[in-house]
Structures are given as structure tokens and as C-alpha cells.
């Protein structure tokens, strides 16, 4: 208890002329103390806890709690099975002491969260564990449950941060598994600023994934590739009051089985993130298996580089010849930062105006799509130079494709006016 208070039971009449011994004037703590006789929670421990926070609020009101009668809330709505409600607090929290009116100035009609107190013997610990800034305590007149009153300000950031935006959406989704729900929410409540937004996982409804195709098997079981319609979160859009996302169309992702949802931990997530970008969890509606939604990251670059985008498309094409497929794929898997050395399989119908040039079986043509320039994140596809001049030349030695291309490159570097003699196979 602060030294300036001799006793909580000191006659109120003597307090109206009293100054705080620490501040040497009637500070916030004195104004609170003058009002002690006008309220009670009906529980001595709660009364003492609230009063102690008020008697410490000499300069900063943010740490002072109040006893808030339940009838000062309206539009109370149930949020989750954890006995959490949202409501409108008619009076709103205290801003400062109004000397003219001799009362507290408040922010009226304020959004509030009501959450049941589970341990009345250790109220301080319950408030400490909350991310939201605390405002006070109330009691449900029907259930007689005491409840924390929290606002939507993050007590760490002192403003409405990413963690709060995630929290406000908790009522709108569930995986139907308490362990998974808690795990996803915990990752979201740790994400306060824009720089670590990628650490937050999401519950991703399965109907937000389409074009699902089997790819392979790994230590997690079967691996599928899919298009994620929404794409991953990038930042909070203040104008539209919603998350801004990477993919306006479709974003390539992998789906892998989550075999032990009960044992999912932050440590497990960190292990996954050493090899993948981990976006969230979904559930196959047929098998009921929970699946991780993620993306391979390049072990060399530690990001999703060009090689990953090429790799995603391996299942979409084949030359019909394993040696050629492997040769093309190897060039693509080496193109971490520069696509110029990456070859492609180019279907012959992507050329038009094909004309014979010489007896060495050389042709010239217009390549409709043109070569790759860079990866377009918005459209989740390669940006290209369309309708581009190309030379088509027969491959004579399929067993040594690299040598044929090397010879062409050497000839090109030694005097050809063309910057590049090839961009793929026909």
C-alpha cells in the first residue's frame, strides 16, 4: 500500500482536502480513494485488488482498474466456448480527471471484451496473461461469474495491433479441434507488428483450395499441390478493415498431413519453418485428416526463389523424354536469382509463322509467349516478353544435350548478333 494512504477506511470527509504525500496535490489516486465507499464487488479480494491498482495510479491511469456494474454494458454477445463475450461499454474507460465537473472524463460507448475470471485467488496472474489492456471487473447477475473487462488496445503495443485484429476474428472460425484452435490463436497473438506477420498461422477452409493434385510422399505422408484462392496475409488494410493478401487470384501451396494435432507446438512449427513457409492448417472434408498448408523455401536462399516457382510447375509438363526433362529441370533448379539460364519445355503450338532457314534443319519463328522476365506475385505466374523472334534448331545428340547447348552458347558468345540462340526445346 502506498505511504500516502494511512488507511483505506479513513473517513471520506477527511479526504476532500487531502493531498497525496508523493505528488503533493490531489492526484488520481486521491480521486479514486474518495470514491471507495460508493462501490463494492461483493468480494473482499476483488475489492482490494481493484483498490490497489487505483492507489498506484498517481500519474498513469492505464493501469487502474474499476468495478463496472453489469448494467453499464449493452449489446452483450457470446463469442467463444472460453466464456468470452463482446459488448458495448456505455461509460467507457477513464481518460482524465475533469476538475470543472469534479468527475472522470471518459470515452463513451466503447467496445469491450468480457472474459470469465477462473481463479479469484490469483486475479493478478489472470490479468497478466491477457494481451488486451485491462479496464476493470464486472459480475454477470445471472451466473454470478466475475469477469475481466478488457478493451481492444494491446497492452504491449499501446494501440490496436495485428494481434488484436486476429483476436477480433476468433469467433469467425474453428477447426473443430481445441488443440489446433489454441495453437493457431497462440501464433496469432504473438504477432504484434508488420515485420513478423508471417509467423501467424491461419485456419484455412478446404474450399479455399482448388486444383488439388497428388505430388509425392515424404516423412509426413502424401504431399499434394494446390491453388490457395485467397493467398497468404501480407498486412492489415486500414481502409477496408481487413487483411491484405498476396494472391488476388491463386497462390501455389503444398498440403502435407498433420499426423499428430495433439502434439503440435511452437518448436514443431520452427522445425517446419526451417524448410517451408508455413501458412496454416486445413482439413480434408473426406478423410477428415488435418493438413499443413505450406510452401517449399529454397535451402540456399532461405526464401521462395525462382527455383521454387519452376519446381511447382514440374508436374504440368513433360517432353516425353526423361533425359530432356531432367536437363531442363536442372537448369531451372539452378536459377535462384536469374532466369536467363533457365530452359523451358515449349509446346510446338506456341510458335507461329515458322519458316525454314537452312539445310542444317534450322528454322525461325515467332514465339507467342516469349521468354520469362520475372515472377509476377499478383498473378502467380511468370511475366513474359510476348511475340518474340526465336530460332529452332534440331537436337542431334539427345545423350549429350548439355554439350549441344554449350557449343551453341560458345558460338553465340564469339560473334553472333543474337543475344541468345535458345530459350527452350520444341
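Overview of results
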| read-out | value |
| --- | --- |
| Selected residue (criterion: farthest from residue 26 (Cα to Cα)) from residues of the stretch 75-113 that are touching a strand residue (DSSP E or B) at 6+ places or on another chain (Cβ under 7 Å) and not in a strand (DSSP E or B) | 83 |
| Enumeration of residues in the stretch 119-132 that are in a loop (DSSP other than H, G, I, E, B) and either surrounded by 12 or more Cβ atoms within 10 Å (Cβ to Cβ) or out of contact with any helix residue (DSSP H, G or I) (no Cβ under 8 Å at 6 or more places or on another chain) (or both) | 129, 130, 131 |
| Some residue of the stretch 193-207 being over 30 Å from residue 314 (Cβ atoms), in contact with a strand residue (DSSP E or B) (Cβ under 7 Å, 6 or more places away or on another chain) and in a helix (DSSP H, G or I) | yes |
| Looking only at the stretch 341-357, and only at residues there that are assigned to a helix (DSSP H, G or I) and in contact with a strand residue (DSSP E or B) (Cβ under 9 Å, 6 or more places away or on another chain), the one that is surrounded by the most Cβ atoms within 10 Å (Cβ to Cβ) | 350 |
| Filter result (free of Cβ contacts under 8 Å to residues at least 24 places away in the same chain and surrounded by fewer than 14 Cβ atoms within 10 Å (Cβ to Cβ)) within the stretch 72-104 | 74, 75, 77, 78, 81, 98, 99, 100, 101, 102, 103 |
| Residue in the stretch 53-71 that is farthest from the chain's Cα centre (by Cα), counting only those that are assigned to a helix (DSSP H, G or I) and crowded, with 16+ Cβ neighbours inside 10 Å | 55 |
| Looking only at the stretch 371-407, and only at residues there that are within 16 Å of residue 328 (Cα to Cα), surrounded by 16 or more Cβ atoms within 10 Å (Cβ to Cβ) and modelled with pLDDT under 90, the one that is farthest from the chain's Cα centre (by Cα) | 404 |
| Number of the exception - residue 337 against (1) closer than 30 Å to residue 384 by Cβ; (2) in the same structural domain as residue 188 (by TED's automatic domain parsing) | (2) |
| Some residue of the stretch 296-311 being closer than 30 Å to residue 176 by Cα and in contact with a strand residue (DSSP E or B) (Cβ under 7 Å, 6 or more places away or on another chain) | yes |
| All positions within the stretch 348-385 that are farther than 30 Å from residue 232 by Cβ and touching a residue at least 24 places away in the same chain (Cβ under 8 Å) | 348, 351, 354, 357, 360, 361, 362, 363, 364, 365, 366, 367 |
| One residue from 58, 93 being outside the structural domain of residue 190 (by TED's automatic domain parsing) and either closer than 30 Å to residue 204 by Cβ or touching a helix residue (DSSP H, G or I) at 6+ places or on another chain (Cβ under 7 Å) (or both) | 58 |
| Count of residues meeting criterion [in a loop (DSSP other than H, G, I, E, B) and under 13 Å from residue 202 (Cβ atoms)] in the stretch 230-246 | 4 |
| Any pair with Cβ under 6 angstrom, 6 or more apart, that starts in the stretch 119-130 at a residue that is within 14 Å of residue 53 (Cα to Cα) and ends at one that is assigned to a helix (DSSP H, G or I) and modelled with pLDDT of 85 or more | 123/49 |
| Which listed residue is assigned by TED's automatic domain parsing to the domain that holds residue 135 and at positive phi, from 51, 102, 33 | 102 |
| Selection within the stretch 322-340 - loosely packed, with under 13 Cβ neighbours inside 10 Å and more than 22 Å from residue 303 (Cβ to Cβ) | 322, 323, 326 |
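The values are calculated or read from the model by the stated rules, or taken from the named source; none is laboratory data. The shown structure was predicted, so the numbers you read here are calculated from the model rather than taken from an experiment. Positions of Cβ are backbone-derived with ideal geometry, glycine not excepted, and every protein chain shown enters the neighbour counts.
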